[in-house]
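All remarks here apply to the structure that follows.
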Amino acid sequence: MTNLNPILEARQINAWFGGTQAIRDISISAQPNTVTALIGPSGCGKSTFIRCLNRMHEEVPGASVKGQVLLSGSNIYDGGVDPVSVRRKIGMVFQKPNPFPALSVAENVAVGLRLAGISKRSVLNETVEKSLRQAALWEEVKDKLRSPGTSLSGGQQQRLCIARALAVSPPVLLMDEPTSALDPISTARIEELLNELKKQVTVVIVTHNMQQAARISDRTAFFLLGEMVEFDETATIFTNPKDRRTEHYITGRFG
Amino acid sequence: MELPQTLSMSAVSSTLGIFERKKKRDVHLGDRIFFWVLRLLAIGVMLLLLGITLNLLRVSFPIFSKFGLSYFVTNTWNPVTEKFGAGAFIYGTVVSSLIALVISVPISIGVSVFLTELAPRRLAEAVGFLVEMLAAIPSVVYGLWGIFVLAPWLRTTLQPALASTFGFLPLFQGPPYGIGMLTAGIILAIMISPTISAICREVFKAISLQQREAALALGATRWETISLAVLKSSASGIFGAVILGLGRALGETMAVTMVIGNRADISASLFAPGQTMASVIANEYAEATSDMHLAALSAVGLALFLVSFLINSSARFLVWRATRKSKGARA
Amino acid sequence: MNEDLSLRDFRRKLINWAMGAVLALAAALVLIPLLSVFAYVVKQGISSVNWNFFTQLPKPVGETGGGMANALLGTIELVLLAMLVGVPWGVATGVYLAEYGRGKFARALGFCVDLMTSVPSIVVGLFTYTILVMPFKRFSAMAGGASLAIIMIPIVARTTEELLKLVPNHIREAGLALGIPRWKVTLWIVLRGSMSGIITGVMLAVARVAGETAPLLFTAFNNSYWSFKLDQPIASLPIQIYNYAISPFEDWHRQAWAGALVLVCFVLVLNLSTRILMRQPRSTR
C-alpha cells in the first residue's frame, strides 16, 4: 500500500483564526480508494484541518493557512490556483445536512454540474440518478425529485448532500462529522454507504465517534490540542497505539 | 376574560407553588391596579386605531353617499362645483410608487448583498450606518433638496437625455419641467432604500452559514454562492421587504408634495406634474372649507390608511416567515 | 475540450468579478443622494444660520433678516407635548407587551402597535384634525402635539418591549422572592434597570417626530409670532421650512436651507448619540 502514490497529501499544515493558532504542523497522506478518519476530542482542530484540505478554512473571516496540500502531486495552495476549481475536485459534506432550500431534490444534485456549465437535460438526469443511487437514496426519493430538498428527513438530506457532492465526480470527498446530527439508523446507512463509495473516491472523514472510525476507516489520525499525535493503520491505532495519549483517548480516559 | 399569565407569573408559581395553583390572578391589590392601568392604556392604543378608522369613515361619509365607490375610479376634481373623483390621485400614487420601486429595489438588494456578503466588516458597518442615516433625514428636507437640487438637474440633464434616447415612448415625452411624477418617484426611491435594504439585510443574515459553505464547497464562485445560497432562498423575504418599501412610498407625503407639481391630471408622460393621495391631502386639507371637500379628502385618507394596513400586514407576515423559517431549519 | 473548460472558467470568473463590481457600485450609488443632501444643506444653510436666526421672528416678504426663533421654540413645545403623552403611554404599552405578553389580547395589541408604526403620518394628521380641530374650530398646539404623540407611541412601545424582554427572568424572581409585589418589581427593578435603553428609544422617537411635517399641516398649522397657548396655532421648524421652500422668494429659500441645516443637525446628533449610548454597554460586557 505504501508503495502507491498518495492522491492527497498534506504537508506541514498550520492554520490560524486571527492571531490564535488552531493547528500546528500537520502532515498526512491518503492513498486512492481508502477512508482516512480523523479523530480527537472537541476543539482538537480536526474540523479546521479538514477544511484546510479544500481551502474552505480561508472563507472564515480572519483565518489563514500555511503549508502544502498536494492533490495528485500538485499543490492546491500554489499562487495561481483558484480555490473554486480546487473545491470542484475535492467535495465536502458538512456536519449538518445543508441542501439548498430553494432547490428541488433533483436540482440539488445537479447544481454542481450546472455550475460547471453542463446544461444538457439528458446528462443532468442521468447524473442525478447515478449520484442518488451512489448515495443509496434513489429508491427513496425517485418519486419526489421535484419536491424541495429540505422536505426530506435529516438522514435523507445528508445523503442528498453526499449525492450532490458526488455528482461532479470529485476524486476526493471530505466529510466533516457527517453523522453527528443524525439518528443511529441514518448513521448506519451512511456508514454502509462509505464502504461502497470508497471504490470510486478517496474519503477523509472527521468523526468524534471512535467506534465509527474503527468500523469504516483504513487509516486513522489522532488529533489533540491542534497537533496530530499519531497517524497509522486503523487497526494499529485501536489495538496497539504507540503514543500514551492515543491510548488514553481510545480507552476513554479523556475527551 | 383573560388571565394575566406572564413569565414572572410562572416564576411565582414555582416559588410559591401551592398558592398559585388556586389563584392564577394577582392577589395583591397593588398588582391588580397596576395590571389594569397598563391594560387600559393598552386598550387605548387599540382604540386609537379603531378611532382613526371610524372617524375617517364618519367624516368621509358624505362623499360615499353621493358618489359611492365610483369616487375612486372617476377623475374629476372640482372643489367649486363639488364634483369629486380620486382617480388621478390613485394613479399618481401607484405610478410614483412604481417608479420608486423600479429604481430602489435593485439598488437596495445590491447594497444589502454587498454589505452582508462582500464588504469587509468595517466598511460594511460604516456604509450600513450611512444608509440608516438616509432614513433619519426628515421628509421636508428631502423635499427642499428635491426642489432646488434634484429638479433642476432633472430638467437640464436627465430628462433631456431620456427624451432623446427613449423619446419614442410616451413615458418620456413632453416638456421637461423638472418637477413632476418622475422627480417624485426618484425622491421616493431614495427614501425607501433604507427600509428595503435594512430588511433585506435581516433576511440575508437569517440564512445560515451552512448554506453558503455548501455552495462554496461545490466549487461555486463568490457570486454563484450569493445567487444560489442567498438570493434564491430569500425570495419571499425580499418580496416582503419590497412590499414594506411600497407601503412607505404610498404614504410618504411632504417630499412628494413638494416636487410632484400638484396637478390632478392623468398623463402618460412621467415628466408631467401629477398628484398622489397623500400630496392632495397635504395640499388642500387646511384650506378645504366645504364639508364635501373635506369629505372627499378624508375618503382619500381612509383609502390610504386601509391600503397601507393591507400592505404592511402582508409584508410583515412575509418577512416574519422568511426570518423564522431559516432559523427553524437550522435547529 | 480542455480549452472549452478554461474558457468557461474564465467567463465565470469574469461574471463573478463584474457582479462584485456592480454590487459595490450599488452601495456607492445609494450614498450619493445622502452626500448630496448633506452637502447642499450645509453649503446653502450655513450662511444664514446666525444669531438672528435663533432669536428673531420671521420678517415679512421684502424685508431681509429675521429668523425662525418662534418655529424653533414651537418645535420644542410640540415635541415636549408629544413626549408628555407619548412616552408614558408608549412605555406602559411596552411594559404590558413584555410582562403580560401572552394570550390573544397581547397578540392583538402587538399587531396594533406594528400597524400604528405603518400608518402614514398624514393620516394621523387627518385623525387628530377630526377629533381636536373640528370640534373647537381652531388649529392648535394641542392637536399638533397629539399627532406627534400618536406617532411616538408605537416606537416607544416596541423599544420598551424589546428591552424588557432582554431582562433575564431570574432578576424578576429575585425581587419576587424578597416578597416585593410584582408591580414594584416591574417598576423599580425591571424598568429601572432598562432605563438607559428606554431613554435612547425615546431619543430616537424624538428625532423621528421632530422632523415630521405632514401631521402638523392642519393641526398645529402655523403662526408668525410667539405662541405659548395650547389652544392656539403654533409655528414649527418643519412647517416653516416647507412654507419657505415652496415660496417664490430668494430670502425665504435661504431661511428654508438654514432651517433644514438646524433640523438635520438636531436629528443627526440625536441619532449619533443614541448609537454611542447603545454601543457602550455592549463593549464593556
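The values are calculated or read from the model by the stated rules, or taken from the named source; none is laboratory data. In this text the structure is predicted, and so the values were computed from the model without any measurement. Please note: Cβ atoms are built from the backbone with ideal geometry, for glycine as well, and neighbour counts cover all protein chains shown. When the accessible area is computed, the model is the full protein with side chains, heavy atoms only, and any ligands, DNA or RNA have been set aside. Shrake-Rupley method; radii C 1.70, N 1.55, O 1.52, S 1.80 Å.
Would you be so kind as to identify which of B:GLN173, B:VAL37, B:LEU162 lies farthest towards the positive end of the dipole of the protein assembly as shown, taking Lys and Arg as +1 and Asp and Glu as -1 on Cβ and the Cα centre as origin? Of the options given, the answer is B:VAL37.
Taking all protein chains as shown and a probe of 1.4 angstrom, A:THR251 keeps an accessible surface of around 80 Å². Normalised by the number of residues in chain C, the average gap of Cα pairs under 8 Å and 6 or more apart makes the relative contact order 25 percent. The GNM of chain B, with springs linking C-alpha atoms under 10 angstrom apart, assigns the highest mean-square fluctuation among B:ALA235, B:ALA264, B:ALA303 to B:ALA235.
What separates the Cα centres of region C:1-50 and region C:107-133 is a distance of 38 Å. Solvent exposure of A:MET92, expressed as accessible area, is near 10 Å², computed with a probe of 1.4 Å over the protein chains only. Sorted largest first by accessible area at a 1.4 angstrom probe radius, with every protein chain in place, the residues A:PHE222, B:PHE309 fall in the order B:PHE309, A:PHE222.
The distance from the alpha carbon centre of region A:13-50 to that of region B:89-129 is 42 Å, rounded to a whole number.
Counting only Cβ charges, +1 for Lys and Arg and -1 for Asp and Glu, the dipole size of region B:77-330 around its Cα centre is about 1080 debye.
Placing a pseudo-label 7 Å from each Cα along the Cα-to-Cβ vector at C:TRP17 and B:VAL73 gives an inter-label distance of 5.6 nm. Compute the long axis of helix A:184-197 from its Cα atoms, compare it with the longest principal axis of the Cα atoms of chain A, and write down the angle in degrees, 0 to 90, nearest 10. Here the helix axis deviates by roughly 90 degrees. Pairs from the table (A:LYS142/A:LYS198; B:LYS205/C:LYS184; A:LYS198/B:LYS205) lying more than 28 angstrom apart at Cα are B:LYS205/C:LYS184; A:LYS198/B:LYS205. Our coupling estimate for region A:18-32, obtained by passing each phi through the Karplus curve with A = 6.51, B = -1.76, C = 1.60 and θ = phi - 60°, is x, x, 8, 7, 9, 9, 10, 6, 9, 10, 9, 9, 10, 7, x Hz, Gly and Pro reported as x. Counting only protein heavy atoms and using a 1.4 Å probe, the accessible area of A:SER74 comes to about 70 Å². Bridge orientation summary for the protein assembly as shown: considering DSSP beta bridges with both residues in this region, about 60 percent are antiparallel. Taking only Cα atoms of the protein assembly as shown, what ratio of Rg to Rh do you get with Rh as the Kirkwood inverse-distance radius? Here Rg/Rh amounts to 1.05.
Placing C:MET278, B:MET258 in order of accessible area, with the largest value first and a 1.4 Å probe, yields C:MET278, B:MET258. Of the residues B:SER108, B:SER233, A:SER72, A:SER122, ranked by 1.4 Å probe accessible area with the largest first, the sequence reads A:SER72, A:SER122, B:SER233, B:SER108.
Overall, region C:2-47 carries a charge dipole of about 140 debye about its Cα centre when +1 sits on the Cβ of Lys and Arg and -1 on the Cβ of Asp and Glu, all other atoms neutral. The relative contact order of chain B comes to 24 percent, based on Cα pairs under 8 Å that sit 6 or more residues apart. Whole-Hz Karplus values for region A:201-216 come out as 10, 9, 10, 10, 10, 8, 8, 9, 9, 5, 4, 4, 4, 5, 6, 9 Hz, taken residue by residue from phi with 6.51 cos²θ - 1.76 cosθ + 1.60 and θ = phi - 60°; glycine and proline positions read x. Calculated FRET efficiency, C:ARG107 to C:PHE54, Cβ-Cβ distance, R0 = 45 Å: about 0.40 to the nearest 0.05. Per residue of the protein assembly as shown, the DSSP helices (runs of n ≥ 4 H) give a summed -39500 (n - 2.57) that works out to -19000 deg cm²/dmol at 222 nm. Using +1 at the Cβ of each Lys and Arg and -1 at the Cβ of each Asp and Glu in chain B, identify which of B:THR253, B:GLY240, B:THR225 lies farthest towards the dipole's positive end. It is B:THR225.
First measure r as the distance between the Cβ atoms of B:PHE166 and A:SER64, then evaluate 1/(1 + (r/R0)^6) with R0 = 45 Å and state the FRET efficiency to the nearest 0.05. Efficiency computed from Cβ-Cβ geometry: 0.30. Taken over the alpha carbons of region C:53-284 as equal point scatterers, the Debye sum produces base-10 log I(q)/I(0) values at 0.09 Å⁻¹ of -0.45. Rank A:GLY45, A:GLY67, A:GLY91 by mean-square fluctuation in a GNM of chain A with C-alpha springs under 10 angstrom and give only the top-ranked residue. It is A:GLY67. Between the residues A:LEU103, A:ILE50, A:ALA213, the greatest Cα displacement towards the positive end of the dipole of chain A, with unit charges on the Cβ of Lys, Arg, Asp and Glu, is found for A:LEU103. For a paramagnetic label modelled at 7 Å from the Cα of B:PHE64 toward its Cβ, which residues of region B:280-298 fall within the zone defined by backbone nitrogen distances under 14 Å? Label zone hits: B:295-298.
Quote the charge dipole size of the protein assembly as shown about the Cα centre in Debye, to the nearest 20; the model charges only the Cβ of Lys and Arg (+1) and of Asp and Glu (-1). Around 1360 debye, computed over the protein assembly as shown. Scanning residues 5 or more positions from A:VAL69 or on other chains, those with amide H under 5 Å from its amide H are A:ARG11, A:ILE76, A:TYR77, with H placed 1.01 Å from N in the peptide plane. When DSSP assigns beta bridges and you keep just the ones with both residues in chain A, what percent turn out antiparallel, to the nearest 5? Among the beta bridges of chain A, antiparallel pairing accounts for roughly 60 percent.
Between the beta carbons of A:HIS248 and A:GLN12, assuming R0 = 22 Å, the FRET efficiency works out to 0.25 to the nearest 0.05.
Helix A:121-134 and the long axis of chain A differ in direction by around 50°, with both axes built from C-alpha atoms.
Take every pair of alpha-carbon atoms less than 8 Å apart whose residues are at least six positions apart; their mean separation over the length of region C:140-285 yields a relative contact order of 29 percent.
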